Amino acid sequence: MTLLLALALISAVITFGMSLVVYKLSLKYRLYPKIRARDVHTRPTPRLGGIAMFLGILVAFGVAWLLSSQFGVLTLIFSDSGPILAILGASLLIVVIGVADDIWDLDWMTKLAGQFVAAGLVAWLGVQIYSLPIGGLTVGSPVMSIIITLFAIVLVMNAINFIDGLDGLVAGVALIANGSFLVYTYLLQREISPQNYFSLAGVIAAILVGACAGFLPLNWHPAKMFMGDAGALLIGLLMATSAISVTGTINPEALQTLGKSSLVPAFIPIILPFAVLIVPLLDFGLAVIRRLRAGKSPFSADRKHLHHRLLDMGHTHLHAVLIFYGWTAVLSIGCLLFFFDPYWMAIVFIAVGLVVCAAFTLAPLSRRKANEAAAELAPAGTDEADATARYDQLDAASEHAPGTAPTSAQTTTPAPLSKETR
């Protein structure tokens, strides 16, 4: 674990340093787009943070390769250079596409085609879903394995990209999710192969944790720089690759040798990747359904993502981000706890966590209901009635009643509710 943490630290330091460089260059040469209608931020902000993250990841992989001659535990990972080169090549391709989109705003078909090419490069050179940890189910043919892998990687990339709408959102969610996945891969590898605690999935997760941690200081609200499509797609690509490299190759029967009393451990390899991605996948699914029902492209942009809805409910920018963090932490850490006995601890953690997260998520609605009740009970013509008139649903409805004269509260336009912006 010490070596994995060292790789994460290297990735974090390089990413942070390069983020400062990219930020200054972006300001000097005005490398930032105009404000779009769906954006939450109010001032032009550089979107090239993905370049800094890629450089941090590249340097960390390079250091790991150099250390492989000194540390035997890394030798097995780098003995077959094909998957490593495929991952780095796909990462470079996706960053180039993302940067082009951040600067020139590419059409969705071009971006999707580039995503499939990057995913195909990873799948073609060996990182594939060969089996599913459900009763030892194996993929029927090499062609089917590549197809499933392609769609899985593209799905995760777009799911991560779809939630990239608030300062620090993707970087923080990915940090929590990959941190949990890093611990899981370490524990799993230690149990299956006590002599070698390292795996490709663990190395990818550790380096990605470092990249997200290194970029987060510049991306925290109010953000100085965004990761853009380059960073979000890069995170999605590496998260999918990490999950596939352990989920798609593990033998579920090997987990039964850990002395567990049920089949729960055998499902962890497939449950945990979905758990750490549940929030992005939920947002992606809702967005696709919403846009298809409206007769639009599933990749057309709008302002109805989950983070937008949290802001519209009354949450501040910071509160909305922290709510996403909370949901991600509860689900990912809760599923990780199933690795240990007794299982009731994981169930209690998830149940309590979901209740707490739901309470914080819905809190603005409760406050608004209280304000509406106070508005309806306030005596007419008083200062209290004027102050709470905007919450009175009966007054709002009376505006549309025929032959009804507007009251003084109705003819006064209330000040708009303040809302933090990115």
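In whole percent, how big is the carbon plus sulfur part of the accessible area of the range 80-228, probe 1.4 Å, protein atoms only?
Exposed carbon and sulfur together represent 71 percent of the surface.
Of the listed pairs 111/296; 24/296; 24/304; 111/304, which have alpha-carbon separations greater than 27 Å here?
24/296; 24/304
Could you give the length gained by full extension between residue 366 and residue 20, i.e. 0.36 nm per residue of separation minus their alpha carbon distance, to one decimal place? Present the calculation step by step, with values, prior to reporting the outcome.
Details: separation 346, 0.36 × 346 = 124.56 nm, distance 4.18 nm.
The span from residue 366 to residue 20 would gain 120.4 nm if fully extended.
The values are calculated or read from the model by the stated rules, or taken from the named source; none is laboratory data. Everything numeric in this text was worked out from a predicted model, so none of it was measured. For the accessible areas, the whole protein counts, side chains as well, though only heavy atoms, and no ligand, DNA or RNA atoms are used. Shrake-Rupley method; radii C 1.70, N 1.55, O 1.52, S 1.80 Å.
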